[in-house]
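S.K.: My questions will all concern the structure given below.
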Amino acid sequence: MYPAITLDGFISDLDGECYSWISDEDEKHYTQAIAKAGCVLLGRKTYEQYPEDFPPKSGATAFVWTTRTDQQDKERVKFVRGTPQEVLQQIAACGFCDVIVSGGGEVNGSLAEADLIDEIIVSIYNVAIGEGIPLFGSHKPKLKLELLSTTKEIVGIVKNHYKVNRRDPGQGAPSSDKA
């Protein structure tokens with residue numbers, strides 16, 4: 001997962017807008033991560049809000065998680081449906097081992113609640129917006145994180161890289177198809 005958040009924990013304002021505070025340099029790092037993975041997973045609302053960003057300019061494939069059935073695949077944009085596990089299985093069936101999770105909050109939260117996130121690389125911006133879309137949307141996942149690194153390469157942004165520690169198998173968490 002590769003989110004950018006405000007200091008008060010939001011990925012965007014209530015209308016989904018975040019580009020007014022996202023830095024071009026941080027966006028470049030995000031784009032490089034997508035190019036390396038070869039694909040990105042996002043929700044339908046994010047896809048519809050930022051159509052100019054998908055398919056990614058890096059040549060990667062965008063997978064759009066939706067419940068709608070009226071959307072047709074396009075070049076390097078594929079629509080996926082189902083449970084978090086099923087969505088990741090569909091991406092794996094296309095030959096991808098890694099995926100950058102790009103939100104929105106409901107996508108982030110669904111995958112986190114299902115214990116399907118391996119790493120979180122979060123850019124924390126020096127801005128508070130008061131209200132907005134939380135990092136995990138309406139979901140309330142319980143995650144144990146191990147901090148791998150903290151960097152301050154870009155003025156006004158602290159980037160934390162976390163490993164997500166797996167839950168005990170007795171807690172009903174899936175044991176395969178991690179993102």
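S.K.: Go through the stretch 121-138 and report how many residues are within 15 Å of Ile5 (Cβ to Cβ) and either within 18 Å of the chain's Cα centre (by Cα) or free of Cβ contacts under 8 Å to residues at least 40 places away in the same chain (or both). It would help to see each step written out before you state the result.
M.R.: First pass over the stretch 121-138, keeping only residues within 15 Å of Ile5 (Cβ to Cβ): 121-137.
Imposing the further condition that a residue be either within 18 Å of the chain's Cα centre (by Cα) or free of Cβ contacts under 8 Å to residues at least 40 places away in the same chain (or both) reduces the set to 121-125, 132-137.
Qualifying residue count for the region: 11.
S.K.: I'd like the full set of residues that are at pLDDT 95 or above, within 23 Å of Thr151 (Cβ to Cβ) and touching a Leu at 6+ places or on another chain (Cβ under 8 Å), limited to the stretch 71-118.
M.R.: Val99, Ile100, Val101, Asn108, Ala112, Ile117
S.K.: Let me ask you something else. Quick check: anything in the stretch 65-78 surrounded by 15 or more Cβ atoms within 10 Å (Cβ to Cβ), under 25 Å from Gln49 (Cα atoms) and among the aliphatic types (A, V, I, L, M)?
M.R.: Within the stretch 65-78, one or more residues are surrounded by 15 or more Cβ atoms within 10 Å (Cβ to Cβ), under 25 Å from Gln49 (Cα atoms) and among the aliphatic types (A, V, I, L, M).
S.K.: Lys74: under 20 Å from Cys18 (Cβ atoms) and out of contact with any strand residue (DSSP E or B) (no Cβ under 6 Å at 6 or more places or on another chain), yes or no? Quick ask: steps written out before the conclusion?
M.R.: Details: under 20 Å from Cys18 (Cβ atoms): no; out of contact with any strand residue (DSSP E or B) (no Cβ under 6 Å at 6 or more places or on another chain): yes.
No.
S.K.: Among all residue pairs at least 6 apart or on different chains, which show Cβ distances below 9 Å where the first residue, located in the stretch 91-117, is within 16 Å of Tyr30 (Cα to Cα) and touching a residue at least 12 places away in the same chain (Cβ under 8 Å) and the second is assigned to a loop (DSSP other than H, G, I, E, B) and of a type in the set (D, E, K, R)?
M.R.: Once the first residue is within 16 Å of Tyr30 (Cα to Cα) and touching a residue at least 12 places away in the same chain (Cβ under 8 Å) and sits in the stretch 91-117, its partners that are assigned to a loop (DSSP other than H, G, I, E, B) and of a type in the set (D, E, K, R) give Asp98/Asp118.
S.K.: Looking at the stretch 27-42, is at least one residue more than 13 Å from Gly132 (Cα to Cα) and of a type in the set (Asp, Glu)?
M.R.: Within the stretch 27-42, one or more residues are more than 13 Å from Gly132 (Cα to Cα) and of a type in the set (Asp, Glu).
S.K.: While we're on this one: Does the stretch 144-160 contain at least one residue that is in a strand (DSSP E or B), over 25 Å from Thr69 (Cα atoms) and either within 16 Å of the chain's Cα centre (by Cα) or modelled with pLDDT under 95 (or both)?
M.R.: Yes, the stretch 144-160 contains a residue that is in a strand (DSSP E or B), over 25 Å from Thr69 (Cα atoms) and either within 16 Å of the chain's Cα centre (by Cα) or modelled with pLDDT under 95 (or both).
S.K.: Consider Ser175 carefully, then state whether it is over 24 Å from Ala4 (Cα atoms) and either among the aromatic types (Phe, Trp, Tyr) or at pLDDT below 95 (or both).
M.R.: For Ser175, the condition - over 24 Å from Ala4 (Cα atoms) and either among the aromatic types (Phe, Trp, Tyr) or at pLDDT below 95 (or both) - is met.
The values are calculated or read from the model by the stated rules, or taken from the named source; none is laboratory data. Predicted, not measured: the structure shown is a model, and the values here were computed from it. Positions of Cβ are generated from backbone atoms using ideal geometry, with glycine treated the same way; all protein chains shown enter the neighbour counts.
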